[in-house]
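The structure appears below as structure tokens.
The values are calculated or read from the model by the stated rules, or taken from the named source; none is laboratory data. As the structure is a prediction and not an experimental result, all values here were calculated from the model. Positions of Cβ are generated from backbone atoms using ideal geometry, with glycine treated the same way; all protein chains shown enter the neighbour counts. When the accessible area is computed, the model is the full protein with side chains, heavy atoms only, and any ligands, DNA or RNA have been set aside. Shrake-Rupley method; radii C 1.70, N 1.55, O 1.52, S 1.80 Å.
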Amino acid sequence: MASRALFKAAASRGMAVRQNYIRPLSTVNALRQSVPTTESNTTDQVAPESLVPPTTTPLKKPIRQSVASAVEPVTPYNLSIARLMAAGLHLGHSTSLWEPATLPFIFGTREGISIINLEHTLVYLRRACNVAREVALRGGSILFVGTRPGFQDLTIEAARYCDGFHVSSKWIPGTLTNRHQVLGRHAAPDPEDPGRPPKTYKPDLIVLLNPLEHKIAISEAQLNNIPIIAITDTDYDPRRVAYPIPANDDSIRGVELIAKVISTAARDGLHRRKQLLDQREKEKKLLRKQHSSKY
């Protein structure tokens, strides 16, 4: 009898617990029924035009551009060995590909890889910046050449930043030695004399970002007495170009840094040239006024 009483008491407690669990569920269901369902109404009211983003929405930038815009821009005036090392410009090629002419630029070797002395890289890069600045100051044209995969975008950006020219796809043999035939077909005709062959021009300075693949371009530039700034790794003879920059030519970050610094220097030369021309124009106007006032 005692066991039956205990069983009845336990059963009554279990029923009470179940009712307590059921009550909250019933209240939730009642609340759900009381709230009006707006999903069907919203789906019916959505117009297809609202799913298309407006034309004023800014386009997403590549990761490389967004990172470059967030970091302090590198200029010829704030260059440092730490920045060059962070870009990976100190890593050379394997010692089996070592070019003996690069011995003065090598700091040592580590695990079979030649390490470039960034002190020399910094000095030669600043010299190249001075050359690009002076060429732009005197009204010369600068040609950036970078055809390796991953170099196309940075080559175009560097050329546009300093109002220069670029070759990012392929160097056509005869671009300099036979430019009337190679470039003349793409040049605009002379408006005064359409039958006359169009004019073609030679660059005053060439910046080679991957000289190992451009032996023809280097030979054509030497025949036309055009100086070359080139990134020379430990597997390339730096004596083949006029202004070598000992650095790693396989690092996209490093090549972008060098191209941006040279382009910034050329842009400074353009800005300085514009200031000088404006100053000369003001002096000429002042002389004319003085001359007219006398007579």
Report summary line: Dividing the mean separation of Cα pairs under 8 Å (6+ apart) by the residue count of the stretch 227-295 yields a relative contact order in percent of 19 percent
Requested in this report: Pull up the cross-link candidates among the aspartates and glutamates for residue 215, meaning alpha carbon to alpha carbon under 19 Å and not fewer than 8 places away within one chain.
Outcome: 99, 204, 233, 235, 237, 249, 250
Query - Within the stretch 111-175, GluC sites (Glu not before Pro) in DSSP loop having at most 12 other beta-carbon neighbours inside 10 Å - result: 111
Query - Gain upon complete extension [residue 201, residue 240; 0.36 nm per residue less C-alpha separation] - result: 11.7 nm
Report summary line: Those trypsin sites (Lys or Arg not before Pro) from the stretch 148-188 that are DSSP loop and have at most 11 other Cβ neighbours within 10 Å turn out to be 170, 185
Report task. Using the structure shown, select from 202/274; 170/202; 202/282 the pairs with a Cα to Cα distance greater than 29 angstrom. Result -> 202/282
Requested in this report: Quantify, in whole percent, the carbon and sulfur part of the accessible surface of the stretch 169-291 (1.4 Å probe; protein heavy atoms only).
Outcome: 51 percent
Query raised in the report: Counting Lys and Arg as +1 and Asp and Glu as -1, each charge on the Cβ, what is the dipole of the stretch 187-295 about the Cα centre in debye, to the nearest 20?
Result: 1140 debye
Report summary line: The local net charge around residue 114, scoring Lys/Arg +1 and Asp/Glu -1 for residues other than residue 114 whose Cβ lies under 12 Å from its Cβ, equals -3
Report task. Restrict the search to the stretch 189-295; then list the trypsin sites (Lys or Arg not before Pro) that DSSP places in a loop and that have at most 16 other Cβ atoms within 10 Å of their Cβ. Result -> 199
